[in-house]
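The values are calculated or read from the model by the stated rules, or taken from the named source; none is laboratory data. No experiment lies behind these values; they were computed from the predicted model shown. A quick note on method: Cβ atoms are made from the backbone with ideal geometry, for glycine too, and the neighbour counts reach across all protein chains shown. With ligands, DNA and RNA removed, areas are computed over all heavy atoms of the protein, side chains included. Shrake-Rupley method; radii C 1.70, N 1.55, O 1.52, S 1.80 Å.
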Amino acid sequence: MPRTNLLGLDLAALTAYTESLGEKPFRARQLARWIHQRGAGDFDAMSDLAKSLRAKLAEHAEIRAPSVLRDTTSSDGTRKWLLDVGAGNAIETVFIPEDDRGTLCISTQAGCAVNCLFCSTGRQGFNRNLTTAEIVGQLWWAEHALRRTAGLGAEGERVISNVVLMGMGEPLQNYDAVLPALRLMLDDNAYGLSRRRVTLSTSGMVPQIDRLAGDCPVALAVSLHASNDALRDRLVPLNRKYPLAELLGACRRYLRSAPRDFITFEYVMLDGVNDSDARADELIRLVRDVPCKFNLIPFNPFPEAGLKRSSAERIRAFAQRLIDAGIVTTTRKTRGDDIDAACGQLAGEVLDRTGVSERNRGRVVPIASATH
Ligand code: SAH
Ligand code: SF4
């Protein structure tokens, strides 16, 4: 029988698991604290568990995060791990330190099936869903690696204060593995993050947005990128299935249970594609009924994209138009540029070695005729 990877079990599952070993429920809380709070990677260290239980766990269970292929730190402090998830697949996890917080950006799939025109993850195609253990493993690994680097012990202060599911993959297309991962992030016996500090970013899976509202409402970011359906159909192909009216309806419903009273709309700034004043005005009308904030993301170019980043001036003018209409708007700082740690650039190189990017190169569609 394969060992059970405890990183993949939320508190309910861990409780069921310890009970299956003939143990009391409180053992699950003890185990979770050892694993997630103190970063224990083996059972010997768990000094307040009976020797017999430790022996049982050593025989049947493991605590195993994806192994690190590369660990790079940018000149601005951004740190990126390239992690091996088997069969030539690699994923990335990025830590972004700021004055008042430390944000970890984690991946939920190897590749992505949504295939947004401007996203290099999407262009690589879909490889597979990550397991809960692989999703939580990114947080477990990063938190404890960062503490070691900072010279903080197992009892030290937390380094990661915020988690964003904005790495590789569409989290809501891997709902069943993502949900227990979110629960562990929030659980006081594990990471104890508040719902407001965990943000799930989606390209717009309408039914799953509704499910998330009921199961585990965390902060929601929606990748909008366009102000009308014709344009969004081309940029985010999922829009053909869930058009803007339905997506915005789901956003409004989500706000009833959301931990924040606004939705964050992400909008990647593509030169000559979606960045004109006319698009800004259309956007303002579109989101009229949804309390929201905008986060403009300067496009991160990659060779096969055939797209360009909007000029800094254009981004500023576009932002100002939204601000003048009363919408709080920020522009994402490009961080970790020197280590390719920005969104949409993740794990390109390793996949190149496997030939996956090569095979998909033929899928690149020129955007020249997109609605503008
Ligand atoms: N699949 C989810 C989460 C991962 S992508 C989603 O699409 O929301 C995280 C963010 O990075 C999304 O807003 C996405 O549109 C953006 N992104 C993808 N490729 C990008 C690129 N090349 N430049 C800038 N942002 C990009
Ligand atoms: Fe997938 Fe998000 Fe990239 Fe679109 S932007 S292809 S949904 S990871």
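Would you check which residues across the stretch 69-99 are open to solvent by less than 60 Å² (accessible area, probe 1.4 Å) and among the hydrophobic types (A, V, I, L, M, F, W, C) and list them?
Correct list: Trp81, Leu82, Leu83, Val85, Ala90, Ile91, Val94, Phe95, Ile96.
Starting from the stretch 236-256, take each residue that is free of Cβ contacts under 8 Å to residues at least 24 places away in the same chain and list its partners that are open to solvent by less than 10 Å² (accessible area, probe 1.4 Å) and within 14 Å of ligand 1 (Cβ to nearest atom), counting only C-beta distances under 8 angstrom and pairs at least six apart or across chains.
Pro243/Arg232
Return the total of residues in the stretch 111-152 being among the hydroxyl-bearing types (Ser, Thr, Tyr), at pLDDT 95 or above and either buried (at least 22 other Cβ atoms within 10 Å of the Cβ) or within 14 Å of ligand 1 (Cβ to nearest atom) (or both).
The qualifying residues number 1.
Just to verify a result, which residue in the stretch 161-182, among those that are open to solvent by 30 Å² or more (accessible area, probe 1.4 Å) and within 15 Å of ligand 1 (Cβ to nearest atom), is modelled with the highest pLDDT?
Gln173
Answer yes if at least one residue in the stretch 123-136 is in contact with an Asp or Glu (Cβ under 9 Å, 6 or more places away or on another chain), in contact (Cβ under 8 Å) with a residue 40 or more places away in the chain and closer than 21 Å to Phe299 by Cβ, and no otherwise.
yes
Does the stretch 183-199 contain any residue that is outside any helix (DSSP H, G or I), over 28 Å from Arg148 (Cβ atoms) and within 11 Å of ligand 1 (Cβ to nearest atom)?
No, the conditions are met nowhere in the stretch 183-199.
Look through Leu247, Leu238, Leu212 and report the one residue that is more than 19 Å from the chain's Cα centre (by Cα), in a helix (DSSP H, G or I) and on the phi < 0 side of the Ramachandran plot.
Leu247
Given (1) buried (at least 19 other Cβ atoms within 10 Å of the Cβ); (2) in a loop (DSSP other than H, G, I, E, B); (3) touching an Asp or Glu at 6+ places or on another chain (Cβ under 8 Å), where does Arg158 come up short, assuming only one miss?
The single condition Arg158 does not satisfy is (1).
Would you point out which residue out of Leu286, Leu322 is hydrophobic (A, V, I, L, M, F, W, C) and touching a Phe, Trp or Tyr at 6+ places or on another chain (Cβ under 9 Å)?
Leu322
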